[in-house]
Amino acid sequence: MGEFLKSTRFKVLLAFLAFLVGIMIYSVTKGGYSLSGASFINTITKPFRFASNSISMKLEKNADRISNADAYYEENLELKRQIGELNKKLTEYDDLLAEVEELRKLVVIKEEHPDSVFSQSAEVMGYIANDPFKGFTIDRGYADGIEPYSPVITPEGIVGIVIEVSQHSSTVRTLLSPDLSIAAICSSTNTDFGIVEGSVLAAENSRTKLIHLDKKHGIKEGDLMITSGSSGLFPKDYAIGTVTEVGIEANGLSAYAEIEPAADISRLRSVFVIMDFEGKDGEEEKEDTDEAENTP
């Protein structure tokens, strides 16, 4: 022991402690505080007490976690259950909003066309693969009163026609298809008639075409084409689309107009089927559709 007290290591340690004490005394006196015995001891031991308190708090937290692990686990499960219920209610709320919006659209359509009978909103289940004319299927069929050759619409306008029906689904041919012909009239002039019929070239740009138009027509870009109702296949006064281009056919015998459909055919989420309307004739509709399908 005597050798340690005389060693260089002890002297260095003693000098270091003296240095620390000097720093503490300087800090206290520099701040204008007087040093009593108690305050001196508190000042010296303050860093050690701070470290001790921190360690103690951490130990208490760890001990609390260990001793209450089961309670925390149950609480966590309960919170997860509550979050699940809230998410479910939020989904139900979103579905309710969507349903209300569809009902609102149906009311608007009925107000504009009181002579037509409409199906409930039909969800678009998917587009037909490799169909350049954007044909699609819907989740309504015979069980919902849907029949072949029934017109399909959105609040914006005509979409197409039902061509195949099963018990709970149907296939829709769109107005982009060359196998569907729609008698149309210009809403601006009310005198210019033609046939809206799709083509491969027009469908590439999600357009359709108005053909058999008199060369002396008064149609211009921006005019709205609507159904004339003359064929019995579609009811009258439904929007088809807007004229984007007019010109003369290559044979020089008639004019044409390119039409942008009123409904966005490539992004449909839901549609309505017209189940009955004034002037509907089943046999005439079928004959018109068969003729359109056989048109080269």
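Read-outs: derived from the displayed coordinates by stated rules, not from any lab. Because the structure is predicted, anything quoted here is derived from the model rather than measured. Heads up, the Cβs are rebuilt from the backbone with ideal geometry, glycines too, and the neighbour counts pull from every protein chain shown.
Tabulated results
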quantity: Violating pairs (Cα-Cα greater than 27 angstrom) within the set 110/280; 105/220; 209/280; 216/236; 89/110; calculated: 105/220; 89/110
quantity: Sorted peptide list for 255-265, 175-185, criterion being average Cβ within 10 angstrom, highest first; calculated: 175-185, 255-265
quantity: Per-pair calculated FRET efficiency, R0 = 51 Å: residue 85 and residue 112 via Cβ, rounded to 0.05; calculated: 0.80
quantity: Spin-label pair residue 254/residue 214, simplified geometry with 7 Å Cα→Cβ offset, distance in nm; calculated: 1.4 nm
quantity: Segments 244-253, 127-136 sorted - mean Cβ within 10 Å per residue, highest first; calculated: 127-136, 244-253
quantity: Residue 190 paired with residue 77, simple spin-label distance in nm, labels 7 Å along Cα-to-beta-carbon; calculated: 7.4 nm
quantity: Packing-based order for 73-80, 233-240, 103-110, using average beta carbon neighbours within 10 Å, highest first; calculated: 233-240, 103-110, 73-80
quantity: Percentage, to the nearest whole number, of Cα pairs in segment 124-293 over 22 Å apart; calculated: 39 percent
quantity: In Hz, Karplus ³J(HN,Hα) per residue of segment 135-151 (6.51, -1.76, 1.60; θ = phi - 60°; x = Gly, Pro); calculated: x, 8, 10, 10, 8, 10, x, 3, 4, 9, x, 7, 10, x, 6, 8, x
quantity: Efficiency of FRET from Cβ geometry, residue 142 and residue 230, R₀ 35 Å, rounded to 0.05; calculated: 0.75
quantity: Phi to ³J(HN,Hα) by Karplus 6.51 cos²θ - 1.76 cosθ + 1.60 over segment 192-208, Hz, x for Gly, Pro; calculated: 9, 9, x, 10, 8, 9, x, 8, 4, 5, 5, 5, 4, 10, 6, 10, 10
